[in-house]
Amino acid sequence: MGLFDLFKGDKGETMSPHLAFAISLLYMSSSDGEMDPEEVGHILAVLGGEEESGIIGVGANNRALLDRAYRYRTKHTAEEFLREITPVLTDAQKMTILVNLVDSSLADGTPEREEQELFAKFLAAFGVSEERFRPFFEVIALKNDRSVFLKPNSPKNQPGYEVKLSSY
């Protein structure tokens with residue numbers, strides 16, 4: 001992103017579900033007031049590489065997408081963003097965003113208070129109850145629970161323990 005790109009407006013740019021996805025990830029990654037290089041790497045990994053050039057990595061399309069997402073993020077509050085995108089996203093798109101936001105917040109172990117508060121805003125705006133989202137959360141928490149490998153005496157490693165999902 002060039003230095004003067006910050007002065008470009010978002011006039012005429014249409015909000016696509018893919019752009020909304022990228023912006024959502026930026027809001028979560030920066031919810032604590034800073035964005036670590038690891039968080040940027042996570043966003044890039046989630047958005048996926050591009051194979052057009054035969055090289056998997058950050059292609060021109062993802063670079064442009066992130067530039068647009070960053071410009072939007074610097075000019076709009078999360079509340080403004082949620083009001084804009086909620087009516088145009090499908091249920092599948094909303095759930096995909098929510099799952100990725102939780103995964104992003106749990107990637108470093110424990111979600112910070114700001115991440116939890118932001119996630120609650122997304123849940124409310126998308127009209128998804130905690131009860132409905134609970135099974136998705138449990139899978140993501142399981143995915144990120146490294147303690148089963150690092151703590152042999154964990155209750156989860158005891159004979160007879162069985163991982164189960166709640167249902168809504």
Could you list, in sequence order, the residues of the stretch 90-135 that are farther than 16 Å from residue 23 by Cα, open to solvent by less than 30 Å² (accessible area, probe 1.4 Å) and of a type in the set (Ser, Thr, Tyr)?
-> none
Within the stretch 17-49, can you find the residues that are open to solvent by 40 Å² or more (accessible area, probe 1.4 Å), touching a helix residue (DSSP H, G or I) at 6+ places or on another chain (Cβ under 9 Å), without any contact (Cβ under 8 Å) to a residue 40 or more places away in the chain and in a loop (DSSP other than H, G, I, E, B)?
-> 35, 36, 49
When residue 165 is run through (1) touching a Pro at 6+ places or on another chain (Cβ under 8 Å); (2) of a type in the set (A, V, I, L, M); (3) closer than 25 Å to residue 34 by Cα, the failure sits at (3)
Single condition residue 162 does not satisfy, out of (1) more than 26 Å from residue 91 (Cβ to Cβ); (2) of a type outside the set (Val, Ile, Thr); (3) open to solvent by less than 100 Å² (accessible area, probe 1.4 Å) | (3)
The lone condition residue 57 fails out of (1) modelled with pLDDT of 85 or more; (2) over 19 Å from residue 119 (Cα atoms); (3) not aliphatic (A, V, I, L, M) is (1)
Within 16 Å of the chain's Cα centre (by Cα) and either among the acidic types (Asp, Glu) or open to solvent by less than 80 Å² (accessible area, probe 1.4 Å) (or both): does that describe residue 64?
-> no
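The values are calculated or read from the model by the stated rules, or taken from the named source; none is laboratory data. Because the structure is predicted, anything quoted here is derived from the model rather than measured. Using ideal geometry, Cβ is built from the backbone for each residue, glycine included, and neighbour counts are taken over all protein chains shown. Note: accessible area is taken over every heavy atom of the protein model, side chains too, but ligands, DNA and RNA are not part of it. Shrake-Rupley method; radii C 1.70, N 1.55, O 1.52, S 1.80 Å.
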